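Notes follow the structure.
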């Protein structure tokens, strides 16, 4: 009966090694995808990407006729 304990330990160790290797592979793939995705965009003369140029979200920068954003897919509590 003692051999089953050794087999379990070996199986758990092999599973842990597999999980670590999969995690490293996923991390490496994410890093490569991020580098590839940034290659499609060019920086402007200030060294900023297109989504970094306009970061002023103060109330003065929002036009008065702007449509109000209302999230419709959120959980509504207290309404049955």
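Output the residues belonging to the range 49-64 that are closer than 30 Å to residue 39 by Cβ and outside any loop (DSSP other than H, G, I, E, B).
50, 51, 52
Flag set for residue 18, criterion: in a helix (DSSP H, G or I) and surrounded by 10 or more Cβ atoms within 10 Å (Cβ to Cβ).
Comparison of 67, 72 shows that the only residue that is modelled with pLDDT of 85 or more, loosely packed, with under 10 Cβ neighbours inside 10 Å and outside any helix (DSSP H, G or I) is 67.
The values are calculated or read from the model by the stated rules, or taken from the named source; none is laboratory data. A quick note: this is a predicted structure, and the numbers were derived from the prediction, not measured. Positions of Cβ are backbone-derived with ideal geometry, glycine not excepted, and every protein chain shown enters the neighbour counts.
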